[in-house]
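The next block holds one structure in the form of structure tokens; read it before the comments.
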Amino acid sequence: MDKKNIKLLYVEDEFIIRETVGKMLNRLYGSVILCDNGAVGFEAYNKEKPDLVITDIEMPVMNGAELVRKIKEIDSATPCVVLTAYKDPEKQAKFADKTLFKPVALDDLIAVIDSYGEKKAI
């Protein structure tokens, strides 16, 4: 699998986290689109058609839950990974394809991205 063929959309409202994780992902993958809230992320999704969406759950303007629901209405096959600090089962992202709990280890995030990339390559 050529990681440079994977286009990611990463939506995170915290600037430092978004920029730091974005730079790391950019070193590994072909295209990483960074957005600071769900509304901007949804516009980017419609324009860029990424292979995988990674989003924080709690954000201003449009949260990650609404973002994922809107994306799934358009294309239910687009994999969506939600990052959350909530460990409460009532608040877990049952609508997402995968949930990772913050703080997320970069190796865990890369493993999830790569697993979807392998499915794309098939």
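Here are a few things to note about the model shown:
- Computed lengthening from residue 31 to residue 94, 0.36 nm per intervening residue step minus Cα-Cα distance: 20.0 nm
- Shape category assigned to the stretch 32-75 from the gyration tensor of Cα positions, a/c cut at 1.5: oblate
- With 20 Å as the limit, the listed pairs 3/23; 72/98; 47/70; 49/102; 4/70 have 49/102; 4/70 beyond it between alpha carbons.
- Net length available on complete extension from residue 77 to residue 17 is 18.9 nm, with 0.36 nm assigned per residue and the Cα-Cα distance removed.
- Relative contact order of the chain, pairs being alpha-carbon contacts under 8 Å that are 6 or more residues apart, as %: 23
- Global form of the stretch 1-83, assessed from the alpha-carbon gyration tensor, a/c cut-off 1.5: oblate
- Given a 1.4 Å probe and the protein chains as shown, residue 42 ends up with an accessible area of around 40 Å².
- Accessible surface of residue 48 - all protein chains present, 1.4 Å probe, nearest 10 Å²: 60
- Along the axis of the charge dipole computed for the chain (Cβ charges of +1 for Lys and Arg, -1 for Asp and Glu, origin at the Cα centre), the listed residues 6, 79, 45 are led at the positive end by 6.
The values are calculated or read from the model by the stated rules, or taken from the named source; none is laboratory data. All values derive from a computational prediction rather than experimental measurement. Don't worry about glycine lacking a Cβ; one is built from the backbone with ideal geometry, like all the others, and counts go over all protein chains shown. Only protein heavy atoms, including side chains, enter the accessible area calculation; ligands, DNA and RNA are left aside. Shrake-Rupley method; radii C 1.70, N 1.55, O 1.52, S 1.80 Å.
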